[in-house]
Structure formats: C-alpha cells, structure tokens
C-alpha cells in the first residue's frame, strides 16, 4: 500500500478509527457528529486511506460512485469519486449474503473490469479495453452512517470508502472479445429482478456516457495520488440504475451483449 504522504490530525485519526469501529461492529455513526470535520476532497481521501489501512487487508480493487448526472446532483458534486475495496468484499456469483452482515445496503447494477496488467493514465479507452476483463455485476453499497441515502455529504461518502459494501461479479470475459469497439460499451442493457419481479432496467451509457470513461477517470485519479491500478485489481465502474434498497430474497440481473446473468441471494 502507498505510504501516506500527509499525517492526519488527531480528530481526523479519531474519525478514521470511528469509521473502522462502525465497519467492524455494524453500529452506525451520525453524520452530524462528523460532517464539519471533513470539508474538502484531500482530507476525505486521507481519512479513507487510513480507514483502508485499519482494515488490514489487501485492496482488491475500487468502486466508482457519482457516475451519472442524477447522482452527482443528489450529492452536490461535479465529478465522480472512488473508494478502495478490500479483497474479501469481491464475491463471485452466485452467492448468498445475510442482511445481518450489512448495515443499510442498496443494490446497483454495474460493469466490473479487472486489469490484466497495470493500467496507466496515458492509456486510451481502447487500451483499457485491451488490458481488462469485463463482467456483469451487482454492487451492494453500504454505509457506516445511519439514514445515509441520499442525504450523506459527498465528503462523508469519500471518507467512508465511497460507501463500499460488496461487489458481486459474474463470468469474466476479455473485454475486447465481447466488444469490438469502445462505443459498444455504452450500449449494454440490463434488467434487474427481485424474486422474479422486474424492479428496474437500465443502460451502461448512464455511467459517464461509457463505463470505460469511469475506469479511465479512476486510473487518472489514482495516479494523481501516487497510486496505481494494478494487475488483478477490479473496479465496479458505476451504476446503470438509481439503487433500490437491498431486501431479503433472490436478486438477479441479466445483461445484453452475452454477459449473462448475475445472481445474489439475500437472507435475513
């Protein structure tokens, strides 16, 4: 893991510790206790980096949030943000999870990209297509704050690892074998079901116009912080749909372009 370049203040360190305690105990924090402490992007990412260190587990990848005009507006942001995710929170579908292990989870539909080699900010979208695998996915965002969606401030979201929960991914394919051009990645359609009933449908163009742009944004952002998107890491690149609440039952999402179906069973 990259060494922190800046030391946290005592209150920032305390905040990171409290986030970690909430992560471990599943007892949520109140935003009002902390929101005046983190009021800029650099501090928020510093707190997130410390939170990630406290988890004492390898970073398996990242999630990118606020990738649609709608969600950026909700969180008063003009750009995406990212959260580091530990390896154990990336789960291969089909999988069963318990609501007991989560706090206030939602469910999102995403494309998941995995780097086959280290990625660089100088990579074009076509380079990224050639250097990755792609899979359909269901992401389960979750927060260490109570009553968080959609009112949590973006700096709290950033501090809390972009409200990272779980990433459930389907069969992986070489991105350049599923898609013959970058443009085709903007036209992946999905249909989300819960217990056999259709909940939402969406399209990948919701993700910054093209999910590869989300990946490129992340690689560039990480590089600006002296971090690298390394071979083997995965990104959950942004949701196709405004997320409903995750409830018990069987969730599944079917994707076009031969990406298949991803299944997640949720118990109480």
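Just one of the listed residues (123, 127, 118, 78) is free of Cβ contacts under 8 Å to residues at least 12 places away in the same chain and more than 30 Å from residue 32 (Cβ to Cβ), namely 127.
Restricting attention to the range 6-40, which residues are assigned to a helix (DSSP H, G or I), over 17 Å from the mean Cα position of the chain (by Cα) and in contact (Cβ under 8 Å) with a residue 24 or more places away in the chain? Before you say what the answer is, go through the steps one by one.
Within the range 6-40, the first condition is being assigned to a helix (DSSP H, G or I), and the residues that meet it are 10-25, 31-33.
Now drop any that are not over 17 Å from the mean Cα position of the chain (by Cα), which leaves 10-22, 24-25, 31-33.
Those that are assigned to a helix (DSSP H, G or I), over 17 Å from the mean Cα position of the chain (by Cα) and in contact (Cβ under 8 Å) with a residue 24 or more places away in the chain: 11, 12, 13, 15, 16, 17, 19, 20, 22, 31.
Residue 30 meets each of the listed conditions (1) under 20 Å from residue 150 (Cβ atoms); (2) modelled with pLDDT under 95 apart from (2).
Checked across the range 161-170, the condition of being surrounded by fewer than 19 Cβ atoms within 10 Å (Cβ to Cβ) and touching a residue at least 24 places away in the same chain (Cβ under 8 Å) holds for no residue.
Given the criteria closer than 16 Å to residue 158 by Cβ and modelled with pLDDT under 95, does residue 4 qualify? Considered against the rule, which asks whether it is closer than 16 Å to residue 158 by Cβ and modelled with pLDDT under 95, residue 4 comes out as yes. Candidates in the range 167-177 are the residues that are over 22 Å from residue 81 (Cα atoms) and not in a loop (DSSP other than H, G, I, E, B); of these, the one that is farthest from the chain's Cα centre (by Cα) is 177. The set of residues in the range 7-48 that are within 13 Å of residue 156 (Cα to Cα) and out of contact with any helix residue (DSSP H, G or I) (no Cβ under 8 Å at 6 or more places or on another chain) comprises 18, 30, 32, 33, 36, 42. Residue-level check: of (1) touching a strand residue (DSSP E or B) at 6+ places or on another chain (Cβ under 6 Å); (2) under 15 Å from residue 169 (Cβ atoms), residue 260 misses just (1).
The values are calculated or read from the model by the stated rules, or taken from the named source; none is laboratory data. Note that this is a predicted model, so its numbers are computed, not measured. Here Cβ is always computed from backbone atoms with ideal geometry, including for glycine, and neighbour counts include all displayed protein chains.
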